[in-house]
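Report on the structure given below.
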Amino acid sequence: MLRPVPIVLLSALLLAGVAAAAPKKLPTYSSLGVTAGKAGGKMTLALGDSPQSLMYYGVIDNNLGLIAQQLFDGLTEFNLDTYKIEPALAESWTISPDGKVYTFKLRQNVKWSDGQPFTADDVVFTYQQLVANPEARAGDSGNFIIDGKPVVIAKVDASTVKFTLPRPSPAFLLQQRYFIMPQHKLGKFKGADVNNAWPTNTPPADIVGTGPFKLQSYTPGQKVGLVRNPNSWKVDAAGKTLPYLDALDFLIIRDPQAQVSSFLAGNLDQLNISGAQFPDLKQKEVAGAAFKVIRSKALFGSPPFIAYNFDASDPALAKLFSDTRFRKAMQSAINRPRIIDTVYNSLASLPGHGVAPVNTAFYANTTAQLGKFDLAAAGAALDKLNLKDTDGDGIRNISKGKNLEVDLTYATDSSVYPPMATILQNDFKALGVKVNLKGVLSSKLFSTGMSGDWQMILAAFGDQPDPELRKPIWQPGGALYYWHRSLQPAKEGETPLVAKMQPWEKQIYDIFNEAGTTTDAAKRKALYTRWQLLFAQNLPVTPIAKPENIGAVSNKYGNYIYNLGVIPGYNPVPLMYQK
């Protein structure tokens, strides 16, 4: 039986008995090179496109996510050194002995950026009407239906919220980093209407958060301007109010090379770059340029993969794509060493299967299952599937008179996808598979995948510390398991169409269900090891590489943290300062 687990910030313990809780004092992070900063100044970053909305739960949009991380906070957050969960808007919490009841004590005296008090009502509203709302496009309602029963979210008092689960969920605490939204601004929006809240023409003063910054201006296609939130509740290790910076600007620059040019011209102060961009910038740094280029192995970050649409509109392709033998044959035609060398300039490694290789808590070494680049072996495997060039035109036939011809959807405005797509196209051509490149903007890639209107797609999902956090992606029937969408239930939270799953998919489905109920760490690791092996053997998607995380930052700024890589939602800008 689990014992109650109280977790309380050191600063709160030191001030026990004081009616008003202290602001959150961040760790020193001395191991990451963090020093005491000075207040003032401005920093300019890049956005790859204009946010489609200002409502975080109304649209899945990475660009909005980069803004939202500066405007809002969750109940919990990651420690930037250990990546363990620690308190944020929740100052402490307890877990009942049976592991089913989580009680969060909220940080007192926190105010929204407009001066209104933050209370338990905001938390209950956020979870009930946004996060657990099945009609919110960027909600996460599936995580709040367990065994067909809802997680009950209730206000205990003005500073206490209780979550009652139908059964224990070992990763539940890790999930509670959802951004909390203001009930007094958004409470009128119900159901699907939340998707229409806060359009891009909303007056900045109406976009209210508890985060380190608040919205000052938004000019679509040009710039998003943020200024320090006067009600920010975090302080550094010395007690100085964060953020240090007065302002944070995001310039909207779609082209990756244009972003680099803007950085070199001094118009951007920090930029996340790819291995393809690394040599030139590193050479300039060594030659005396006023910036640093920093590399790190990535726990987070998004390893690219190839997916085949099991539900393609062409029945012959759908049948072929659903055949594990075909996917394994095509894996032998993926030249990972060449992609790592030429696309990433060797600043990438062989990927895991759903778990980053640096994640020692869960990673199972499935490298052997990746196989080797071998067109002859790939060709022989396709021959066994009777996919042969029967008319002598150099292209294999899927049936009499019909060529094996596939559209590959990829992001044209990425620095890595276009060269990767070209390599795949050429190698697949040598195998006798014709690939037509079908480019879309990065901002449209995810929605294209979710639409089902594609045949083969080059895409990526970010890794997380615990596989449970990626359950909607990797569990068959999950909301983001979009290469086999026909398994998804009619309504999110209901049971997927288990009868339509392939045997290996059913095994993975069961593994995620079992791993999501046990609190035995060794058993969870063993279950997720089995999942990774099934993933590697059956290839729901085919991982290509795990890029390193690389960032460039102007020497004008201190406290640039790049520990386990850039994580959408966790860029520690509040600790950065202008020298």
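What the table shows:
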item	result
Subset of the stretch 260-284 (residues that are in contact (Cβ under 8 Å) with a residue 24 or more places away in the chain and closer than 17 Å to residue 560 by Cβ)	263, 266, 268, 269, 270, 271, 272, 273, 278, 281
Residues being open to solvent by 10 Å² or more (accessible area, probe 1.4 Å) and either on the phi > 0 side of the Ramachandran plot or assigned to a helix (DSSP H, G or I) (or both) - total across the stretch 311-330	8
Condition met for residue 422 (out of contact with any helix residue (DSSP H, G or I) (no Cβ under 8 Å at 6 or more places or on another chain) and either open to solvent by 30 Å² or more (accessible area, probe 1.4 Å) or not β-branched (Val, Ile, Thr) (or both))	yes
Candidate set from the stretch 397-409 (those that are in contact (Cβ under 8 Å) with a residue 12 or more places away in the chain and either part of a helix (DSSP H, G or I) or open to solvent by less than 30 Å² (accessible area, probe 1.4 Å) (or both)); member that is nearest to residue 257 (Cα to Cα)	409
Which listed residue is buried (at least 20 other Cβ atoms within 10 Å of the Cβ) and small (Gly, Ala, Ser), from 191, 211	211
Top-ranked residue of the stretch 3-32 - restricted to ones that are assigned to a loop (DSSP other than H, G, I, E, B) and loosely packed, with under 12 Cβ neighbours inside 10 Å, ranked as modelled with the highest pLDDT	20
Selection within the stretch 77-118 - surrounded by fewer than 21 Cβ atoms within 10 Å (Cβ to Cβ) and hydroxyl-bearing (Ser, Thr, Tyr)	82, 83, 92, 94, 96, 103
Which listed residue, of 427, 453, 466, is modelled with pLDDT of 95 or more, of a type in the set (Asp, Glu) and closer than 27 Å to residue 491 by Cβ	453
Residues satisfying the stated conditions in the stretch 214-245, i.e. touching a helix residue (DSSP H, G or I) at 6+ places or on another chain (Cβ under 9 Å), among the hydrophobic types (A, V, I, L, M, F, W, C) and open to solvent by 30 Å² or more (accessible area, probe 1.4 Å)	237
Residue match in the stretch 284-304 (condition: open to solvent by less than 30 Å² (accessible area, probe 1.4 Å), β-branched (Val, Ile, Thr) and farther than 30 Å from residue 487 by Cβ)	yes
Residue ID - surrounded by the fewest Cβ atoms within 10 Å (Cβ to Cβ), chosen from residues in the stretch 369-396 that are free of Cβ contacts under 8 Å to residues at least 24 places away in the same chain and either under 18 Å from residue 339 (Cα atoms) or acidic (Asp, Glu) (or both)	393
Count - residues of the stretch 47-64 that are within 14 Å of residue 186 (Cβ to Cβ) and either open to solvent by 20 Å² or more (accessible area, probe 1.4 Å) or of a type in the set (S, T, N, Q) (or both)	2
Filter result (assigned to a loop (DSSP other than H, G, I, E, B), of a type in the set (Phe, Trp, Tyr) and either surrounded by fewer than 20 Cβ atoms within 10 Å (Cβ to Cβ) or touching a His at 6+ places or on another chain (Cβ under 9 Å) (or both)) within the stretch 452-507	461
Any hit, the stretch 220-233, residues being part of a loop (DSSP other than H, G, I, E, B) and among the aromatic types (Phe, Trp, Tyr)	yes
Pairs with Cβ under 9 Å, 6+ apart, first in the stretch 504-526 and more than 16 Å from residue 171 (Cβ to Cβ) and without any contact (Cβ under 8 Å) to a residue 40 or more places away in the chain, second open to solvent by 70 Å² or more (accessible area, probe 1.4 Å) and part of a helix (DSSP H, G or I)	507/530; 508/530
All strands (runs of 3 or more DSSP E) inside the stretch 86-172 with 3 or more residues being aliphatic (A, V, I, L, M)	152-157
Selection count, the stretch 351-362, where residues are of a type outside the set (A, V, I, L, M) and open to solvent by 50 Å² or more (accessible area, probe 1.4 Å)	1
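The values are calculated or read from the model by the stated rules, or taken from the named source; none is laboratory data. As the structure is a computational prediction, the values presented were derived from the model and not from experiment. Cβ: placed from backbone, ideal geometry, glycine included. Neighbour counts: every protein chain shown. Accessible surface is based on the protein model in full, side chains and every heavy atom, while ligands, DNA and RNA are left aside. Shrake-Rupley method; radii C 1.70, N 1.55, O 1.52, S 1.80 Å.
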